[in-house]
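I have placed the structure first, in the form of structure tokens, so that the comments after it can refer back to it.
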């Protein structure tokens, strides 16, 4: 129905109160609770998270499908060597399916599809044809219906994976792990950690021939697994087929394992910056998707990083903000894909619609606002996107925009004449000295046009030399 029922909310609150008592008994110092597909979509999910916060003092973090995929990828990378490999990860849940493309241990793309097992079961069983349920209509077998429903997603998946060879196909989720066990039980194989495509087809046929009651009785499946195991197997087969592999690896790890690994890292080394290689890889892929000028964008990112390092005395920001500035600089022009006119606004829309793997929602909001204000008017509270940011983040955006505008101005011609920049403090002013080839007259003109925000936000005079 799209919302959580009151009885469900009460049961969840009671469960979390129990979790809190157990955690207190064991003197737990670090608790992290995350929610996925159902809570992303429930119209009243905020009521549940608030009640749990008030009664159990546990804050629930509703994560995106991309963040869910990242944590699962983290768990898989600890179990299977992904370096030097091109891999596709398929995580099948109740509400959604996450398909992640990984190259050399980094996520390059992830997509979430609304064809989780419970969702498929409810959607396809909820329709009627000629007064008959799809399950009971011999002319429309359930396996065929699942394939038809998932066909549109298959085409998108095929486009995302591309033509390059896939080295590994990896399946995660409770249903996938159960299929591995059924491989042992029904096909008399020794391992549950690999599933050949031919074996998956045989399992689908065997499961399809059994009623839900027979699956419980003969296969010893839990009732809440027996009904969803068939759509899970079909979806897994459909996606794995697109990868061109002959077998699926089942590492028996999932979201909780990635979460535990991340918490362990934080406890051992303290909170970490977003993984630079992962974020950069994701941003570069997004830039390529929208046809960015890679040479210009990389130079602007490099110059922005230099300006950041040379002006720490003024902005007093840290390495997290430096990375956000570089990513904003890398993607500042992607709005040209829609239209050169107002490309700053178009770039903002693109960043709001596409996730960058490795950044949380707050960090991505900052990057989107950097793209929005890299030119023309400075950030303003008349803009709802900027106004919705917390005051501290508004200040971060404004400071970083001042640096991004200067960096972009140094390559206003997109000819990469400027090679390096030196921003230094003099007695009564700051001096920005640019080095490169040619007379750099156009670049100096661009900088003079764009220095006003720097002077206003930092309260200093800036001279261009």
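Remarks
- Put simply, of 230, 182, 187 the only residue that is more than 14 Å from residue 117 (Cβ to Cβ), buried (at least 16 other Cβ atoms within 10 Å of the Cβ) and touching a helix residue (DSSP H, G or I) at 6+ places or on another chain (Cβ under 7 Å) is 182.
- Matching option when the condition is assigned to a helix (DSSP H, G or I), more than 18 Å from residue 173 (Cα to Cα) and either in contact with a strand residue (DSSP E or B) (Cβ under 6 Å, 6 or more places away or on another chain) or touching a residue at least 12 places away in the same chain (Cβ under 8 Å) (or both), among 74, 20, 70, 30: 20
- In the range 93-109, the qualifying residues are those that are within 30 Å of residue 14 (Cβ to Cβ) and in contact with a strand residue (DSSP E or B) (Cβ under 7 Å, 6 or more places away or on another chain), and the one that is surrounded by the most Cβ atoms within 10 Å (Cβ to Cβ) is 98.
- Yes/no for residue 320 being touching a residue at least 40 places away in the same chain (Cβ under 8 Å), in a helix (DSSP H, G or I) and in contact with a strand residue (DSSP E or B) (Cβ under 9 Å, 6 or more places away or on another chain): no
- Flag if residue 317 is more than 24 Å from the chain's Cα centre (by Cα) and more than 19 Å from residue 375 (Cα to Cα): yes
- Given (1) closer than 13 Å to residue 172 by Cβ; (2) assigned to a helix (DSSP H, G or I), number of the condition residue 102 does not satisfy: (2)
- When each of 81, 122 is tested for being in a loop (DSSP other than H, G, I, E, B), more than 14 Å from the chain's Cα centre (by Cα), free of Cβ contacts under 8 Å to residues at least 12 places away in the same chain and not assigned by TED's automatic domain parsing to the domain that holds residue 13, the lone residue that passes is 81.
Results for (1) part of a helix (DSSP H, G or I); (2) more than 18 Å from residue 69 (Cβ to Cβ), shown as yes or no for each residue.
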residue	(1), (2)
216	yes, yes
221	no, yes
225	yes, yes
230	yes, yes
234	yes, yes
245	no, yes
248	no, no
252	no, no
257	yes, no
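- The set of residues in the range 166-196 that are part of a helix (DSSP H, G or I) and farther than 18 Å from residue 97 by Cβ comprises 181, 182, 183, 184, 185, 186, 187.
- Subset of the range 452-465 (residues that are assigned to a strand (DSSP E or B) and either free of Cβ contacts under 8 Å to residues at least 12 places away in the same chain or surrounded by fewer than 18 Cβ atoms within 10 Å (Cβ to Cβ) (or both)): 463
- Output for the range 276-314, where each listed residue is outside any helix (DSSP H, G or I) and either assigned by TED's automatic domain parsing to the domain that holds residue 159 or over 25 Å from the mean Cα position of the chain (by Cα) (or both): 311
- Residue match in the range 198-216 (condition: under 21 Å from residue 255 (Cα atoms) and surrounded by fewer than 16 Cβ atoms within 10 Å (Cβ to Cβ)): no
- Residue check for residue 202: part of a helix (DSSP H, G or I), over 32 Å from the mean Cα position of the chain (by Cα) and closer than 19 Å to residue 235 by Cβ: yes
- Some residue of the range 424-439 being touching a residue at least 24 places away in the same chain (Cβ under 8 Å) and closer than 30 Å to residue 362 by Cα: no
- Members of the range 1-31 that are surrounded by fewer than 16 Cβ atoms within 10 Å (Cβ to Cβ) and within 28 Å of residue 115 (Cβ to Cβ): 1, 2, 3, 5, 7, 8, 11, 15
- Listed by position, the helices (runs of 4 or more DSSP H) enclosed by the range 339-451 that each have at least 2 residues that are under 19 Å from residue 302 (Cα atoms) and in contact with a helix residue (DSSP H, G or I) (Cβ under 6 Å, 6 or more places away or on another chain) are 361-372, 391-409, 441-450.
- Matching residues, the range 54-66, being farther than 24 Å from residue 20 by Cβ and outside any loop (DSSP other than H, G, I, E, B): 65, 66
The values are calculated or read from the model by the stated rules, or taken from the named source; none is laboratory data. These numbers were taken from a predicted model, which means no experiment stands behind them. Positions of Cβ are generated from backbone atoms using ideal geometry, with glycine treated the same way; all protein chains shown enter the neighbour counts.
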